[in-house]
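The values are calculated or read from the model by the stated rules, or taken from the named source; none is laboratory data. Everything numeric here is computed off the predicted structure, so don't read it as measured data. As a convention, Cβ positions derive from the backbone with ideal geometry for all residues, glycine included, and neighbour counts pool all protein chains shown.
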Amino acid sequence: MSQLTKLPTLQELLTDTEDSLKQNALTVLLNQNPPAQWLSEHPMIKGYKYIPIEKIEYLLTRIFGQWHVEVRNTQIVANSVVVTVRLHVNNPITGQPMWQDGIGAAPIQTDKGAGATDWNSVKTDGVQKAAPAAETYAVKDAAEKFGKIFGRDVARKGSMNYTDLLKKSTLNDELEK
């Protein structure tokens, strides 16, 4: 049987505690823009920047300490390998487990000029190359959901500013007037 959680009161939401300030600091860290020098030009999509997987893995280790990837599903869809993963981390403030799911796909290479679903023309190492690439894309997709530092807003035109979380609540200031 699941345990019920008590909802906070409005006053509890407006009162900064040591734990809420630490959690806000984590949220702000996770939602910083990644260093510009970490962005790479996508090899196949002109003008599209991304963060390479080695930077994502570095950030996961530095922010969360230990982390692991659970492959949830692998399948062939059309001519691509599709992988879904669950990225497990521990919240560095609370120690509680957290996770995000991600999905990635990579095309199975075929001989030049062959149709995408011409299975007689699939390269002998086509699946061997596509499966790990799809897993990498899935891990990156899951990590992006933790915050901007993992590349969530790299290709977006607009984004939210989370630094206000480090300041006293403006709503709290309004209520004190």
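Here are a few things to note about the model shown:
- Screening Asn91, Asn73 for residues that are closer than 14 Å to Thr136 by Cα and surrounded by fewer than 16 Cβ atoms within 10 Å (Cβ to Cβ) leaves exactly one candidate, Asn73.
- Residue within the range 113-132 that is under 18 Å from Asn24 (Cβ atoms) and either at pLDDT 60 or above or under 26 Å from the mean Cα position of the chain (by Cα) (or both) present: no
- Any hit, the range 110-119, residues being over 14 Å from Glu70 (Cβ atoms), touching a residue at least 12 places away in the same chain (Cβ under 8 Å), touching a helix residue (DSSP H, G or I) at 6+ places or on another chain (Cβ under 8 Å) and exposed (fewer than 15 other Cβ atoms within 10 Å of the Cβ): yes
- Count of the range 98-119 residues which are touching a Phe, Trp or Tyr at 6+ places or on another chain (Cβ under 9 Å) and among the basic types (Lys, Arg): 0
- Among the residues of the range 92-111, the ones that are farther than 22 Å from Ile56 by Cβ and either touching a Ser or Thr at 6+ places or on another chain (Cβ under 9 Å) or not in a loop (DSSP other than H, G, I, E, B) (or both) come to 3 in all.
- Test for Val82: is it crowded, with 17+ Cβ neighbours inside 10 Å, more than 30 Å from Gln23 (Cα to Cα), touching a strand residue (DSSP E or B) at 6+ places or on another chain (Cβ under 8 Å) and at pLDDT below 95: no
- Count of residues meeting criterion [closer than 18 Å to Gln32 by Cα and either without any contact (Cβ under 8 Å) to a residue 60 or more places away in the chain or out of contact with any strand residue (DSSP E or B) (no Cβ under 8 Å at 6 or more places or on another chain) (or both)] in the range 85-102: 2
- Filtered residue count, the range 32-48, keeping only those that are touching a strand residue (DSSP E or B) at 6+ places or on another chain (Cβ under 6 Å) and in contact (Cβ under 8 Å) with a residue 60 or more places away in the chain: 1
- The single condition among (1) more than 17 Å from the chain's Cα centre (by Cα); (2) without any contact (Cβ under 8 Å) to a residue 24 or more places away in the chain; (3) surrounded by 12 or more Cβ atoms within 10 Å (Cβ to Cβ) that Pro52 does not meet is (1).
- Scanning the range 87-95 finds no residues that are within 16 Å of Ala133 (Cβ to Cβ) and not acidic (Asp, Glu).
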